[in-house]
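Beneath this line is the structure, given in structure tokens, with notes to follow.
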């Protein structure tokens, strides 16, 4: 009976210890990833770590993706609509990687000022709709843009 | 007045009364859960259109998001019940809390694994340590901690106090999970449905999503009653009414 | 899936994401089933346990009467 009770006491202590360790680990992971990725603007401002690997997040500039014909090498420009930076990557890209899409890349800056990524993850938005709706939305958006630019032209 | 309310609460929260009532309540949750779930599945898998970006893979949303919502909802139910049990010494509340924990843990696990299976083809990874995923993992540990304390401490009252305290303290994690996608840069995208703006999901996809969420809620209501009834039998096993009842079962 | 005729093999293929989608749905089915089966089994277990305890107590009471 007493050994059973002793074992239970041990178990309680172990559980509390486990929860404490999990919390500490979680919090330190939080601390490290509080800012899960940096934006190109932050990188330009020198806020990103220079010696170790970090993550950058942004949009893939339309028309900037250059794929090598014989290897898995890809080059593209990443932007946050303020600053942009060139990125090179060698490997398989996620299905959602496309021009204009948000991505998060892990890697380091090389001396030439290019971000050499070891991992590229796609970040998708919170919008869900059928392709027809997306096409219709885009069409109205383009129209609005045209009207907008026409207005600015007349000014 | 206050006395009358207290007497009323005492009557309705007596384990015996609950045991009799819940038997009648369970089918009223279980049957709608099955019907709503079947219709939600049909709409989600057969009727809802393909997503413009994610193709067919987005169909994981119909279980991932309701499971994630349940993981938070059940935790809040558990913590509130534990607080009621702790403050007003209502034993039924402690039983509801104890009955909720394993169900909540299973939905949290489901949310994490389905999210991982969705992340691999879309993001390109099964797991990242971003704020959303990390805080949801901590939620799973909170459930495990609650369950471990419940089973490890022999004296039921002490067990309820210790695990209840853990559940209440753990509530801070709930807003962190919800707002993690706004407070920090995360790989996980922002809220789709739960925001002041209108939901950024097509109505043909939103309806099956909400139906599945409702089905999961009804399912929880049914199984938490089954589990809470077990808690009544177990905790009141030396009381006369339980013994007389069990002889008939 | 709209517009074209319904086809089971394209349905199961899930646009190439079959592994991810069906593993998710399969796991959900398993977890929901466990959430039903486990408490029902626990209920049977509790009932058996309480019945045994009652019987043991009755036996002890009878023995006491015999020794008296």
| remark: Exactly one of C:30, C:36 is closer than 30 Å to residue B:227 by Cβ and more than 7 Å from chain B (Cβ to nearest Cβ), and that residue is C:30
| said: Quick check on my filter: what residues within segment B:208-249 are over 21 Å from the mean Cα position of the chain (by Cα), over 20 Å from residue B:98 (Cα atoms) and in a helix (DSSP H, G or I)? | reply: B:240, B:241, B:243, B:244, B:245, B:246, B:247, B:248
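Identify all residues within segment B:165-189 that are farther than 30 Å from residue B:93 by Cβ and either crowded, with 16+ Cβ neighbours inside 10 Å or within 19 Å of the chain's Cα centre (by Cα) (or both); write none if there are none. Write out each step before concluding.
Start the filter on segment B:165-189 by keeping residues that are farther than 30 Å from residue B:93 by Cβ, which leaves B:181-189.
Across segment B:165-189, the qualifying residues are B:181, B:184, B:185, B:186, B:187, B:188, B:189.
Residue by residue through segment B:167-202, note down the ones that are farther than 15 Å from residue B:134 by Cα, within 11 Å of chain A (Cβ to nearest Cβ) and in a loop (DSSP other than H, G, I, E, B).
B:190, B:191, B:192, B:193, B:194, B:195, B:197, B:199, B:200, B:202
Regarding residue B:117, is this residue facing another protein chain (nearest Cβ under 7 Å), part of a helix (DSSP H, G or I) and either in contact (Cβ under 8 Å) with a residue 40 or more places away in the chain or crowded, with 18+ Cβ neighbours inside 10 Å (or both)? Please lay out each step first, then the result.
Values: facing another protein chain (nearest Cβ under 7 Å): yes; part of a helix (DSSP H, G or I): yes; either in contact (Cβ under 8 Å) with a residue 40 or more places away in the chain or crowded, with 18+ Cβ neighbours inside 10 Å (or both): yes.
For residue B:117, the condition - facing another protein chain (nearest Cβ under 7 Å), part of a helix (DSSP H, G or I) and either in contact (Cβ under 8 Å) with a residue 40 or more places away in the chain or crowded, with 18+ Cβ neighbours inside 10 Å (or both) - is met.
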| note | The one condition residue B:80 fails out of (1) under 21 Å from residue C:18 (Cβ atoms); (2) modelled with pLDDT of 95 or more is (1)
| query | In segment A:26-50, which residues are at pLDDT below 70 and either out of contact with any helix residue (DSSP H, G or I) (no Cβ under 8 Å at 6 or more places or on another chain) or more than 10 Å from chain B (Cβ to nearest Cβ) (or both)? | reply | A:27, A:28, A:31, A:32, A:35
| For segment C:29-49, what are the residues that are touching a helix residue (DSSP H, G or I) at 6+ places or on another chain (Cβ under 8 Å) and more than 19 Å from residue B:108 (Cα to Cα)? | C:40, C:42, C:43, C:46, C:47
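The values are calculated or read from the model by the stated rules, or taken from the named source; none is laboratory data. Keep in mind it's a predicted model, so treat the numbers as computed, not measured. Methodologically, a virtual Cβ is constructed for each residue, glycine included, from the backbone with ideal geometry; neighbour enumeration extends over all protein chains shown.
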